[in-house]
Amino acid sequence: MRILIENGMIYDGSGSKPYNGDILIEDDRIAAIRLRDGSCTGSGTTGKGDVWNPDWIIYADKRAVTPGFIDSHRHCDIAAVTDPDFGEVELAQGLTTVLGGNCGMSPFPYAEGTGRQMLDFVEPCLGKAPSWMKFSGFPEYMAALEAAGPTIHVGQMIGTGAVKIAAKGFGKAPFTRSEMDKAKGYVREALEAGAFGISAGIMYVPECYSTTQEFTELVGEAAKYNRILTCHIRGEGDSLVSSVEEVLKIGRDAEIPINISHFKAVGIKNWQKTVYQAIDKIEKARAAGQDVTVDFYPYAGGSTTLMTLLPPGIQEPDIQDTLRRLSSPDGAELLKREIYRQQEGWDNMVLSIGWDRIRISSVAMEDNKQYVGSSIQDIAEKQGYDDPADFARELLVQEQGRVGIILMSMDQRDVDAIARLPYSMVISDSLYGNADSPHPRLYGSFPRMIHEFVGKRRILSLETAVHKMTQMTAERFHVAGRGTLAAGNYADINIFDPQRLTDKATYDKPKQLSTGLDMAFIDGRLVWNDGRRVGTYHAGALRCR
């Protein structure tokens, strides 16, 4: 089918100024682009008066025509395989391609003895895995993804946390030689089969027990394939600068491109200060020739699991041992001693922002759903607890650690500064943990960039924002043929009025679809039209070639 998008304002993804023109789609590709002066690129004819003979003409009327948006950081690994409605929340935002396997978390490799524990651990981020989900590695996961056939394109990275759990469990001991060789084998298998990169979650157990040298050796396998390392660094608050230095060292020593995930500075005393010190480290590394970028989400609140708030002195190698310890009287007293003191090398979020800025976003038990959306401080006061730490401890024990939280931990001025960096990409860091009150970034990140950062506060131009959501991401992760409106590329295309595209999700009412996207095409097929998903096209699994 030949489709002509006529008279659009074309933001081609490069960051260049938009231009008025027409786009001809033929089958799954952009066949040609014609400017108003009649000049043409691609296989179409040139010159005024030439006819393309389209089967369907869409009159764009100078609305924005952009590449489909690409989110390289969504924790949708399980949802993309199991949820038949997956794609609606994403398409409403203009997302046509997403990548999972972030922050060291992927639902593979699954190893007998540790696999179920691994899936339970990631549940607040990735969602509940059904009992049949036992992917031994990347190829098996991708086969399931292809069978599920999601509407949008889904690619995947392999997480070093999942790899470490499969190779040696949750223990604190360093890799043995045989365990490291096994871990490297998982990485090689994934990259050879088309994983877009390797991700680390250095702040999470069991990765937090690994040394810089261990990470360097493991991720060095990805360097052999010219893939990227994305990294949830060891600390984003008081230890932000040293954590950035650590990942820069890993990148240099492993000779691998680095992307720092959801780059930010958390903790009130760090606002308007620490992030600039970290930026200085990054820019010195870039000036010296190191290949490093960052990404960010357009909100001042973050989201993670309640387990991450536990001090190191509480954590045991096995999660169940940690929970048993918390359930004892001695564990209760130890938690209150440890959680109210600063500890070197660990960011104490309770001291950094306070219990009143920590909100419950997801729980598994029906009786505890009354707490969702409220801060731990407010809940503790209403329930008569003398110390919010006691409520947090009891909730963790009841829920077996599966509690999602939202942290109001950042300063908007810091977020704006990161958005302006020429090497920062837009992500959502969306969690799919079946939350009753998820972070609004799940529903609104990409339209928010256009509505809030471009239209309302003018932090960025529209062409720059589109670049950070399309071509920059595609090139960084080697997503071939997407992210740029150019003849020969795949026809992943959005059409919208920039004044109307907006996010509706808020912290109080997060489950609201974004509005204002007029049309979206994936591989030349219309998949979104006038506020709803249309057609039966399945874009499916995407591999790095």
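Taking 7 Å steps out from each Cα toward its Cβ at Q383 and D55 produces label points 5.9 nm apart.
Evaluated at q = 0.20 Å⁻¹, a Debye calculation over the C-alpha positions of segment 365-465 (equal weights, vacuum) places log10 I(q)/I(0) at -1.01. Net length available on complete extension from H538 to S327 is 71.3 nm, with 0.36 nm assigned per residue and the Cα-Cα distance removed. With an a/c value of 1.5 or above and a/b not larger than b/c for the gyration tensor axes a ≥ b ≥ c computed over the alpha-carbon atoms, segment 446-545 is described as oblate. Between A520, Y19, A435, the Cα set farthest toward the positive side of the dipole of the chain (charges on each charged residue's Cβ, about the Cα centre) is that of Y19. Kirkwood radius and radius of gyration were both taken over the C-alpha atoms of the chain, and their ratio Rg/Rh is 0.98. Each peptide among 67-77, 187-197, 119-129 gets the average number of other Cβ atoms lying within 10 Å of its residues, and from highest to lowest they stand as 67-77, 119-129, 187-197. Charging the Cβ of each Asp and Glu at -1 and of each Lys and Arg at +1, and nothing else, the dipole of segment 356-453 about its Cα centre rounds to 480 debye. With neighbours defined as other Cβ atoms within 10 Å of a residue's Cβ, the residues V294, V372 order from fewest to most as V372, V294. Using +1 at the C-beta of Lys and Arg and -1 at the C-beta of Asp and Glu, which of V241, A265, A222 has the Cα lying farthest in the positive direction of the dipole of segment 214-271? After comparing all options, I get A265. Taking other Cβ atoms within 10 Å as a rough exposure proxy, S242, S328 sort from fewest to most as S328, S242.
Of the peptides 83-89, 233-239, the ranking by mean beta-carbon count within 10 Å, highest at the top, reads 233-239, 83-89.
Please get the size of the charge dipole for segment 458-545, origin at its Cα centre, with Cβ charges of +1 on Lys and Arg and -1 on Asp and Glu, quoted in debye to the nearest 20.
In debye, rounded to 20, segment 458-545 gives about 280.
Which residue, chosen from I279, A143, A332, occupies the Cα position most advanced towards the positive end of the dipole of the chain, where the dipole is computed from +1 (Lys, Arg) and -1 (Asp, Glu) charges on Cβ about the Cα centre? Highest projection toward the positive end goes to I279. Helices in the chain, meaning DSSP H runs of at least 4 residues, each add -39500 (n - 2.57). Divided by all residues, the mean residue ellipticity at 222 nm is -9000 deg cm²/dmol. For S362, neighbours were defined as the other residues whose beta-carbon sits under 11 Å from its Cβ, and their charges (Lys and Arg +1, Asp and Glu -1) total +1. Think of each Lys and Arg Cβ as +1 and each Asp and Glu Cβ as -1; about the Cα centre, that makes the dipole of segment 414-495 roughly 180 debye. For segment 305-406, the calculated P(r), taken from all Cα-Cα distances in 10 Å bins from zero up to the bin holding the longest distance, is 15, 52, 31, 2 percent.
No lab work stands behind these numbers, since they all come straight from the coordinates. The model shown is predicted, which means the values in this text are computed figures rather than measured ones. Note: ideal-geometry Cβ built from the backbone for every residue, glycine included; neighbour counts use all protein chains shown.
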